[in-house]
1. Does region 2-24 contain any residue that is farther than 27 Å from residue 131 by Cα, surrounded by 13 or more Cβ atoms within 10 Å (Cβ to Cβ) and touching a helix residue (DSSP H, G or I) at 6+ places or on another chain (Cβ under 6 Å)?
2. Within region 24-42, can you find the residues that are over 15 Å from the mean Cα position of the chain (by Cα) and part of a helix (DSSP H, G or I)?
3. On the basis of being within 15 Å of residue 191 (Cβ to Cβ), at pLDDT 90 or above and buried (at least 20 other Cβ atoms within 10 Å of the Cβ), does residue 142 make the cut?
4. Checking residue 55 against (1) modelled with pLDDT under 90; (2) surrounded by 14 or more Cβ atoms within 10 Å (Cβ to Cβ); (3) over 25 Å from residue 96 (Cα atoms), which test does it fail?
5. Among the residues of region 118-131, which ones are over 14 Å from residue 75 (Cβ atoms) and either touching a strand residue (DSSP E or B) at 6+ places or on another chain (Cβ under 8 Å) or surrounded by 21 or more Cβ atoms within 10 Å (Cβ to Cβ) (or both)?
6. I need the full set of residues from region 94-103 which are part of a helix (DSSP H, G or I), under 19 Å from residue 179 (Cβ atoms) and without any contact (Cβ under 8 Å) to a residue 60 or more places away in the chain, in order please.
7. Could you list, in sequence order, all residues of region 155-192 that are crowded, with 16+ Cβ neighbours inside 10 Å, modelled with pLDDT of 80 or more and farther than 21 Å from residue 131 by Cα?
8. Is it the case that residue 113 is over 10 Å from the mean Cα position of the chain (by Cα) and under 22 Å from residue 31 (Cβ atoms)?
C-alpha cells in the first residue's frame, strides 16, 4: 500500500518542526536568541524557506522554543519533587539537569531579545511562575531540613545560575559543558548550610525577579 500523501506531508511537517526546535534550543542555550535564522535552519538541516513556513518570524520561534522547554523543565521539576524525599536532594538534582534548565534561565533572565519577545505572554508567564513555585518549595523544604543556608531565597539561586550563564565562554562545546557542570557543583557547595560568610541584605525571592511587580 502507498502511504497517504497528506499523512506523509503532515509527518514531514512535524519532523521539520521538531528538527528546527531542537536546533534552536541548542543554539539559543549556547549563544542566546539573537543568532541568525539562517544558522538555525542550517543546523536543523532544512532550508530557510521551510523554517519561515513553520515559524514566520523570530518571535514565533523564540516563543515556541520557550513554551516547549519551560514545559519540559516543569515536568522534570514536578517529577523530581515526587521522587525525592529530601528537598535538598531535589534542588540539587534540578540544578544539575543543566541542559534544559540552562535554556530556561537563558530565555527568562539572560537574553534581552528573548525577554522582549516573551514579556507579557500569559502562557509563558504561567509556566515560568509554576517553575518558580516548585523552586520555592525546594528552597523552603531544604532550609527546613537544615541543608540549605537560611539567608538565600529562590531568587538568589536563579540569579546565580543566570550569572554563571552570562560568563560561560569556552573554546569547545565539550569544555563549556564541563565548565557548566563544575560551576554548578561549586554553586551547590556554596548554597549548603555549613557555616560561611554572612550575606548582606535579605534573601532575594522569586517575586523580586519580576520587574512588573515593582
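The values are calculated or read from the model by the stated rules, or taken from the named source; none is laboratory data. Here the structure is a predicted model, which is why all the values come from computation and not from measurement. In this analysis, Cβ positions are derived from the backbone assuming ideal geometry, glycine residues included, and neighbour counts consider all displayed protein chains.
1. Yes; the residues of region 2-24 include at least one that is farther than 27 Å from residue 131 by Cα, surrounded by 13 or more Cβ atoms within 10 Å (Cβ to Cβ) and touching a helix residue (DSSP H, G or I) at 6+ places or on another chain (Cβ under 6 Å).
2. The answer is 37, 38, 39, 40, 41, 42.
3. yes
4. All conditions pass for residue 55, except number (1).
5. 118, 128
6. We begin by selecting, within region 94-103, every residue part of a helix (DSSP H, G or I); these are 94-96, 98-103.
Narrowing the set further to residues that are under 19 Å from residue 179 (Cβ atoms) leaves 95-96, 98-103.
Correct list: 100 only.
7. 183
8. The answer is yes for residue 113.
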